[in-house]
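Engineer: Sharing a structure with you now.
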Amino acid sequence: MLKAIINAKIIFEDKIAEDLVVIYDDNISQIITKDELVSYDNIETIDIDGAYLSAGFIDIHIHGSGGADTMDATFDALHIISNTILSTGTTSFLATTMTMSKDKIIGALENISSNKNRVTGAKIIGVHMEGPYINPAMCGAQDINYIQSPSFEIIDEYHDIIKMITLSPEVEGGYAFIKELEEKYPHIILSIGHSNANYEEATKSFDAGISHATHLGNAMSGFHHRNPGVLGATLNSNITCDVIADLIHTHKTTLELFWKIKRDKLILITDSMRAGCMKCGEYSLGGQKVIVENGKAVLENGKLAGSVLKLNEALKNMTKNTDMDLIDVVKSVTVIPAKKLGLNAGRIEVGLSADMVIFDESFDILMTIIDGKIKYTKGKQCSDG
């Protein structure tokens, strides 16, 4: 049966419309006026009473949530993550791996390959390999003991599900590796991250094939007026970038600066680890102990260890602390990541999958819909198919 969402503030790429109705089944079939709805028979209406309706959110960098992690390499872990993040408005994500042993990474990739289509919550649209081809000087929460030299050994086997790789171009063999990877697997987005490159090295890597920067400002050489580093090179380029807008990884003034410079090149991510949507306490990330207190996740040595940020909270933080308006902040988790990944998604548009999210003025998620099926409503998790 067709369904219709009525009394919605619909967020499009360039406007917010309050006089339209979205009709859908698995896909969005029509967008009509309220007056036109009266001519439809046998249609179920969902009255959202003036709440916002947007395309579903896309998280291109998330390790885990709900007590589970991608590196657990089990179906249950992926299933838990997939269903937990429905409450954040996320309808699709890149399952993100860590710098661990080759066997652990292969195990995680094999698990994703086998089970990505079995999860019933947010869709797994591929893999983001964060490492292991990174600079030890900028390892962050990645385990320095498992950093490897660039190699196609893992990539050749799983190139079909790998959509993004975060690496450091300045390591030995880095530039040749980037050029070859760009030629062999052009669908894989290469992202500079965990890198100690100087400005010139970073700029050279953009020419070689890197087109993105991972968690801008974190685990990369920073800006200095005599050595602008990876941060300066990214800000002075046309490459896209992502940012963890939890007000812990990045100061609110820096978020405003990033927005003013990058605009339609800026994507919001969570970089969430298994403690996402969980209580404070002790957890693990990449085999290392993580302590979570007051919304901050750190290793025992005090280094930041991913985040417990929810994607809807990232939108709220950017709206509250920068000049981004609602349309722009929603685009940063819908239109822009979808375009970057080459997805025919991320928009409220006829013919696209009915992946949608309904939220209120405070960015609290009221309903999450995937392929036309209600997967989450505030206060309970559900499925109508």
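The values are calculated or read from the model by the stated rules, or taken from the named source; none is laboratory data. None of the values given here were measured: they were computed from a predicted structure. Quick reminder, even Gly has a Cβ in these numbers, built from the backbone with ideal geometry, and neighbours come from all protein chains shown.
Engineer: Provide a single number: the residues in segment 243-299 that are hydrophobic (A, V, I, L, M, F, W, C), closer than 16 Å to residue 141 by Cβ and touching a helix residue (DSSP H, G or I) at 6+ places or on another chain (Cβ under 8 Å).
Structural biologist: As a first pass, look at segment 243-299 and keep what is hydrophobic (A, V, I, L, M, F, W, C): 243-245, 247-248, 255, 257-259, 261, 266-269, 273, 275, 277-278, 280, 285, 290-292, 297-299.
So of that shortlist, the ones also closer than 16 Å to residue 141 by Cβ come out as 244, 248, 269, 273, 275, 285, 290-292, 297-299.
With the extra rule that they be touching a helix residue (DSSP H, G or I) at 6+ places or on another chain (Cβ under 8 Å), the set shrinks to 244, 269.
Total meeting the criteria: 2.
Engineer: Being surrounded by 22 or more Cβ atoms within 10 Å (Cβ to Cβ) and hydroxyl-bearing (Ser, Thr, Tyr) narrows it down to one of 168, 151, so name that one.
Structural biologist: Numbers: 151 fails: surrounded by 22 or more Cβ atoms within 10 Å (Cβ to Cβ).
After applying the criteria, what remains is 168.
Engineer: Restricting the search to segment 320-368, which residues are touching a Gly at 6+ places or on another chain (Cβ under 6 Å), of a type in the set (Gly, Ala, Ser) and closer than 25 Å to residue 189 by Cβ?
Structural biologist: The answer is 338, and nothing else.
Engineer: OK, next. Could you list, ordered by first residue, the pairs with Cβ atoms under 9 Å in which the first is in segment 161-178 and touching a residue at least 60 places away in the same chain (Cβ under 8 Å) and the second is surrounded by 21 or more Cβ atoms within 10 Å (Cβ to Cβ) and among the acidic types (Asp, Glu), at least 6 apart or interchain?
Structural biologist: Sorted first by the residue in segment 161-178, then by its partner, the pairs are 164/130.
Engineer: Also, I was wondering about something else. Of all the helices (runs of 4 or more DSSP H) wholly in segment 269-385, which have at least 1 residues that are within 29 Å of residue 108 (Cα to Cα) and of a type in the set (Asp, Glu)?
Structural biologist: Values: elements: 311-321, 326-331, 335-341.
Where helices (runs of 4 or more DSSP H) fall fully within segment 269-385 and carry at least 1 residues being within 29 Å of residue 108 (Cα to Cα) and of a type in the set (Asp, Glu), they are 311-321.
Engineer: Specify which of the listed residues (295, 342, 306, 276) is touching a residue at least 12 places away in the same chain (Cβ under 8 Å), at positive phi and surrounded by 15 or more Cβ atoms within 10 Å (Cβ to Cβ). Outline the logic, then answer.
Structural biologist: On the way: 295 fails: surrounded by 15 or more Cβ atoms within 10 Å (Cβ to Cβ); 342 fails: surrounded by 15 or more Cβ atoms within 10 Å (Cβ to Cβ); 276 fails: at positive phi.
None of the other options fit; the residue is 306.
Engineer: To continue, here is another question. Could you list all residues from segment 88-115 that are farther than 11 Å from residue 70 by Cβ and either of a type outside the set (S, T, N, Q) or touching a strand residue (DSSP E or B) at 6+ places or on another chain (Cβ under 6 Å) (or both)?
Structural biologist: Residues satisfying the conditions are 89, 90, 91, 92, 102, 103, 106, 110.
Engineer: Every residue in segment 40-73 that is part of a strand (DSSP E or B) and out of contact with any strand residue (DSSP E or B) (no Cβ under 8 Å at 6 or more places or on another chain), please.
Structural biologist: Taking segment 40-73 and keeping what is part of a strand (DSSP E or B), we get 44-47, 52-55, 57-62, 64-65, 68-69.
Matches in segment 40-73: 68 only.
Engineer: Residue 59 - would you say it is touching a helix residue (DSSP H, G or I) at 6+ places or on another chain (Cβ under 7 Å), within 26 Å of residue 328 (Cβ to Cβ), among the charged types (D, E, K, R) and free of Cβ contacts under 8 Å to residues at least 40 places away in the same chain?
Structural biologist: Values: touching a helix residue (DSSP H, G or I) at 6+ places or on another chain (Cβ under 7 Å): yes; within 26 Å of residue 328 (Cβ to Cβ): yes; among the charged types (D, E, K, R): yes; free of Cβ contacts under 8 Å to residues at least 40 places away in the same chain: no.
When the stated conditions are applied, residue 59 does not pass them.
Engineer: Now for a separate question. Give the residue that is farthest from the chain's Cα centre (by Cα), with candidates limited to residues of segment 187-235 that are under 16 Å from residue 262 (Cβ atoms) and without any contact (Cβ under 8 Å) to a residue 24 or more places away in the chain.
Structural biologist: The residue in question is 223.
Engineer: Of all residues in segment 116-137, count the ones that are over 19 Å from the mean Cα position of the chain (by Cα) and surrounded by fewer than 19 Cβ atoms within 10 Å (Cβ to Cβ).
Structural biologist: So the count comes out to 3.
Engineer: Hey, could you check segment 251-273 for residues that are touching a strand residue (DSSP E or B) at 6+ places or on another chain (Cβ under 9 Å) and more than 21 Å from residue 334 (Cβ to Cβ) and say which is surrounded by the most Cβ atoms within 10 Å (Cβ to Cβ)?
Structural biologist: Residue satisfying both the conditions and the ranking: 273.
Engineer: Say whether the condition of being within 25 Å of residue 287 (Cβ to Cβ) and surrounded by fewer than 21 Cβ atoms within 10 Å (Cβ to Cβ) is met by at least one residue in segment 194-206.
Structural biologist: Of segment 194-206, the ones within 25 Å of residue 287 (Cβ to Cβ) are 194-196.
With the extra rule that they be surrounded by fewer than 21 Cβ atoms within 10 Å (Cβ to Cβ), the set shrinks to 196.
Yes, segment 194-206 has at least one match.
Engineer: Can you find, within segment 9-25, the residue that is modelled with the lowest pLDDT among those that are surrounded by fewer than 13 Cβ atoms within 10 Å (Cβ to Cβ) and more than 23 Å from the chain's Cα centre (by Cα)? Reasoning before the result, please.
Structural biologist: First, pick out the residues of segment 9-25 that are surrounded by fewer than 13 Cβ atoms within 10 Å (Cβ to Cβ): 14-15, 18-19.
Those left that are additionally more than 23 Å from the chain's Cα centre (by Cα): 15, 18-19.
Values: 15: 97, 18: 96, 19: 93.
Restricting to residues being surrounded by fewer than 13 Cβ atoms within 10 Å (Cβ to Cβ) and more than 23 Å from the chain's Cα centre (by Cα), the top hit is 19.
Engineer: Still on this structure: Looking at (1) over 16 Å from residue 369 (Cα atoms); (2) surrounded by fewer than 24 Cβ atoms within 10 Å (Cβ to Cβ); (3) in the same structural domain as residue 192 (by TED's automatic domain parsing), which is the one condition that is false for residue 31?
Structural biologist: So residue 31 meets the others, but not (3).
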